[in-house]
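Notes to accompany the following structure.
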Amino acid sequence: MRSTGPVSRIGRSLMAVTATAAAGAVTALSLGVSPAAAAPTDMTAPRPGDSCTAADLGTRHPYIKTTEVSPTITHFKGWYVTEGTTGQQTVSTDTTTVIAVSVGLNDTIETSFAVEALSNVKATVGLDVKLEYTSTSKESNSVTWNLTQPGYYGFYKGTKKVTGTYGSLNCNRAQQDDGSWALEWTEGPGGGSFTTFTTLEEGAVRCQDSVPADSIMARAQALLDCGSAAAKADHPAGAKADHPAGAVAQTARQEQDRVAPSPAPTSGPSAEQPGATGTGARAALDCSAEAYKIAVPGKPLSWGAPLLADDGVRLRPSTIFSAHLDHWRLCDVTENNGVIEASLWNWGNGGCATIAEQNAATDRAVLKTAPCAEDDLQRFYIYRDVPGSSKIGVQNKYTGSMMGYDRYADGEFIRQYSSGRQDGTGTFDLTGV
């Protein structure tokens, strides 16, 4: 690591903030945030501009920006029933549309952030949507229905497809109109689109049936192409022997509406994050001259970098034997809308804090250090408390996850959590040394 360059204006202002003794205590209204994996209701989900507390600095929440609900046919088969062949019929339908549940590009729906996002969708649209990964292609294509009249039927399965966009809320300081400061939920980096659907319904419909407009049944009836020759064919009564019940050939319209199953989204970080730039030559970083400890507020343990490459960043006590492994410098610092972005360079081992690329999509992945590079996996957003307080929350730029720990103990790993730690264990002190 080369010698550090001059301190940037942002770095100096941050040092001034963290070195200042706490001025008066600032009280913020708590929203009573629910546990990370719990489904929030529309009464507790934070919205932009709502108040938050210092304990929320290490957390993030999704909020739903737009939604669209569209009845969609997922399985369909045209079927003609003649006189004498009415009654219960079981038909194997063709797959027409595949809907897969996803949040961003992540289709595993294993993280608390993704579950919370879909729970907010459920509350927003008032429908019982899927909250876990599944696909309509996993449903049986068989439809059984009791038919009382002969005619041209469309056997179908369908659902209400729910799509839209979401944003990401982080707790950060915001200056008020009177010049004072307060903590608010603000829209931070991270957002994307989601897809989910309701429980599939099935049935059979004829051209002459009266059905509700813009319903799943109406979508199936439209697929019948009621003006086609098959729909208008004259099949006299008692024609069972010569014209048994059976499938009707696909019309041009049905062939046009039928689509191949869409591929499932690829696994990996959410869509809102920019792509990692990969590893390369060690970056020439512009680091502040000041060093900091990233400590647990009011307690002696702080982030300690590893000596061994396979180890991770752990909570460690600071002693004369720490060999500067507990000292971090902020490098290539920028600031946007009050949020600092920086690389975290460790004085003791010369590496930069990072989430390993192979673990980027894994909740609770361990924070490590690696040779510094131009890589968003090594970039972090820092959310700050009001001036006079050194409390911060730390978020990885690429994964969108917040840094925290499972329990307060010597040797405990620092890990990433998609929604942060709701018990406040993702809030740290950034103090100059």
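List of remarks:
- In the stretch 54-75, of all residues being open to solvent by 30 Å² or more (accessible area, probe 1.4 Å) and over 30 Å from A204 (Cα atoms), the one that is farthest from the chain's Cα centre (by Cα) corresponds to A55.
- Verdict on T369 being outside any loop (DSSP other than H, G, I, E, B), surrounded by fewer than 21 Cβ atoms within 10 Å (Cβ to Cβ) and at pLDDT 95 or above: no
- Every residue from the stretch 153-171 that is more than 26 Å from T134 (Cα to Cα) and either without any contact (Cβ under 8 Å) to a residue 12 or more places away in the chain or open to solvent by 10 Å² or more (accessible area, probe 1.4 Å) (or both): Y153
- Tally of residues being part of a loop (DSSP other than H, G, I, E, B) and open to solvent by 50 Å² or more (accessible area, probe 1.4 Å) across the stretch 329-360: 3
- Subset tally (residues that are out of contact with any Asp or Glu (no Cβ under 8 Å at 6 or more places or on another chain) and either surrounded by fewer than 16 Cβ atoms within 10 Å (Cβ to Cβ) or at pLDDT below 95 (or both)) for the stretch 172-192: 9
- Selection over the stretch 372-382 of residues that are outside any loop (DSSP other than H, G, I, E, B) and touching an Asp or Glu at 6+ places or on another chain (Cβ under 9 Å) gives a count of 5.
- Residue selected from the stretch 92-103 under the condition open to solvent by less than 10 Å² (accessible area, probe 1.4 Å) and not hydroxyl-bearing (S, T, Y), by the criterion farthest from Y398 (Cα to Cα): I99
- The stretch 310-328, subset part of a loop (DSSP other than H, G, I, E, B) and touching a residue at least 40 places away in the same chain (Cβ under 8 Å), residue surrounded by the fewest Cβ atoms within 10 Å (Cβ to Cβ): D311
- Boolean, V121 is under 17 Å from T67 (Cβ atoms), open to solvent by less than 10 Å² (accessible area, probe 1.4 Å) and not polar (S, T, N, Q): yes
- Among the residues of the stretch 383-433, those identified as open to solvent by less than 20 Å² (accessible area, probe 1.4 Å), hydroxyl-bearing (S, T, Y) and not in a strand (DSSP E or B) are T399, S401, Y405, S418, S419.
- Within the stretch 124-152, the set of residues being crowded, with 20+ Cβ neighbours inside 10 Å and more than 20 Å from the chain's Cα centre (by Cα) comprises T136, V143, Y152.
- Odd one out for P300, checked against (1) more than 30 Å from the chain's Cα centre (by Cα); (2) open to solvent by 10 Å² or more (accessible area, probe 1.4 Å); (3) modelled with pLDDT under 95: (3)
- The stretch 104-118, residues that are of a type in the set (D, E) and surrounded by fewer than 19 Cβ atoms within 10 Å (Cβ to Cβ): E110
- In the stretch 125-151, the residues that are over 25 Å from V205 (Cα atoms) and touching a residue at least 40 places away in the same chain (Cβ under 8 Å) reach residues that are open to solvent by less than 50 Å² (accessible area, probe 1.4 Å) and assigned to a loop (DSSP other than H, G, I, E, B) with C-beta atoms within less than 6 angstrom, at least six apart or across chains, in these pairs: K130/V101.
- The set of residues in the stretch 199-244 that are open to solvent by 30 Å² or more (accessible area, probe 1.4 Å) and at pLDDT below 55 comprises D234, H235, P236, A237, G238, K240, A241, D242, H243, P244.
- Those residues of the stretch 76-91 which are part of a strand (DSSP E or B) and either surrounded by fewer than 17 Cβ atoms within 10 Å (Cβ to Cβ) or among the aliphatic types (A, V, I, L, M) (or both), in sequence order: V81, G87, Q88, T90, V91
The values are calculated or read from the model by the stated rules, or taken from the named source; none is laboratory data. Model, not experiment: these values are computed from the prediction. Cβ sites come from the backbone with ideal geometry, for glycine too, and all protein chains shown count toward neighbours. Ligands, DNA and RNA are stripped out before the accessible areas are found, and what is left, the full protein with its side chains, is counted by its heavy atoms. Shrake-Rupley method; radii C 1.70, N 1.55, O 1.52, S 1.80 Å.
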